[in-house]
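The values are calculated or read from the model by the stated rules, or taken from the named source; none is laboratory data. Just so you know, these numbers come straight off a predicted model, no measurement behind them. Here the Cβ positions follow ideal geometry from the backbone for every residue, glycine too, while neighbour counts run over all protein chains shown. What goes into the accessible areas is simple: the full protein's heavy atoms, side chains included, and nothing from ligands, DNA or RNA. Shrake-Rupley method; radii C 1.70, N 1.55, O 1.52, S 1.80 Å.
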Amino acid sequence: MSTGDEFEELEKIRQMRIQYANYYDTGDLEGVVSSFTDDAIVDAGVHGGAKGIDEIRAYFASQIEATGRTLHFISNPRIELTGVDTAKGTWYC
């Protein structure tokens with residue numbers, strides 16, 4: 001993968017993360033869920049987590065209900081492209 005291609009893929013991931021936050025902040029559960037693959041793993045530290053799309057839907061349904069209105073401020077993305085179509089990353093929110 002060329003440096004230009006890597007930059008483009010990293011930017012797509014950054015934009016996806018921003019869209020996820022917008023979905024969450026507006027209470028759009030299906031939008032949040034659409035941000036994940038069927039085999040995704042959510043690790044939210046002390047806030048719990050989920051594995052697989054069904055658990056992810058249930059997890060975020062309870063989180064959105066419990067937190068009410070939110071406003072994410074996202075910074076310090078750390079993204080690693082781990083394969084042709086895989087990546088992992090962390091952000092501060």
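In the stretch 22-32, is there at least one residue being assigned to a strand (DSSP E or B), open to solvent by 60 Å² or more (accessible area, probe 1.4 Å) and of a type in the set (V, I, T)? For the stretch 22-32, residues assigned to a strand (DSSP E or B), open to solvent by 60 Å² or more (accessible area, probe 1.4 Å) and of a type in the set (V, I, T): absent.
When the stretch 1-18 is filtered for residues that are among the polar types (S, T, N, Q) and surrounded by 14 or more Cβ atoms within 10 Å (Cβ to Cβ), nothing remains.
Every residue, every condition in (1) among the basic types (K, R); (2) assigned to a helix (DSSP H, G or I); (3) touching a residue at least 60 places away in the same chain (Cβ under 8 Å), yes or no:
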{"site": "A50", "(1), (2), (3)": "no, no, no"}
{"site": "D54", "(1), (2), (3)": "no, yes, no"}
{"site": "I79", "(1), (2), (3)": "no, no, yes"}
{"site": "G89", "(1), (2), (3)": "no, no, yes"}
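Taking the criterion of being open to solvent by 60 Å² or more (accessible area, probe 1.4 Å), basic (K, R) and modelled with pLDDT of 95 or more, would at least one residue in the stretch 46-66 satisfy it? Checking the stretch 46-66: at least one residue is open to solvent by 60 Å² or more (accessible area, probe 1.4 Å), basic (K, R) and modelled with pLDDT of 95 or more. With respect to (1) open to solvent by 60 Å² or more (accessible area, probe 1.4 Å); (2) in contact (Cβ under 8 Å) with a residue 40 or more places away in the chain, the lone exception for D39 is condition (2). Checking each residue in the stretch 67-77 for being open to solvent by less than 70 Å² (accessible area, probe 1.4 Å) and either over 25 Å from T26 (Cα atoms) or assigned to a loop (DSSP other than H, G, I, E, B) (or both) picks out G68, T70, H72, I74.
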